1. Pull up segment 5-59, narrow it to residues that are within 20 Å of Val101 (Cα to Cα) and in a loop (DSSP other than H, G, I, E, B), then point me to the one that is modelled with the highest pLDDT.
2. Looking at Ala60, Ala41, which is the one that is of a type in the set (A, V, I, L, M, F, W, C) and crowded, with 17+ Cβ neighbours inside 10 Å?
Amino acid sequence: MTTTSRKVRGLALGVLGLLWLAGPSNAAEVRVMISGGLTAAYQALVPEFEKATGNKVLTAYGPSMGTTTNAIPVRLERGEPADVLIMVGYALADLASKGKVVAGS
């Protein structure tokens, strides 16, 4: 297994772990906003998560930054709910510094 494959696999397992933590004990909807690079791994893991938990994952795709209508910061600014954000670290840190997300969560 190449180093890149290991990194992608590790990130994919991390995403699955985040989704698992976001899911309450009763079947529910888990709202995820995701950008770019982990999309393929994420899409492979979501069906497994839904089957294991009974929760339904609702996904919104968009860039980590910018001013387009589907950019994650714009979505959050207009009040779209999200239980899990999967995006580049510096953009997430910027949202935390503005109080848009809970830092360290």
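1. Ser35
2. Going through Ala60, Ala41 in turn, just one is of a type in the set (A, V, I, L, M, F, W, C) and crowded, with 17+ Cβ neighbours inside 10 Å: Ala41.
The values are calculated or read from the model by the stated rules, or taken from the named source; none is laboratory data. Predicted model only: the values in this text are computed from it and were never measured. Note that each Cβ is placed from the backbone with ideal geometry, even for glycine, and that neighbours are counted across all protein chains shown.
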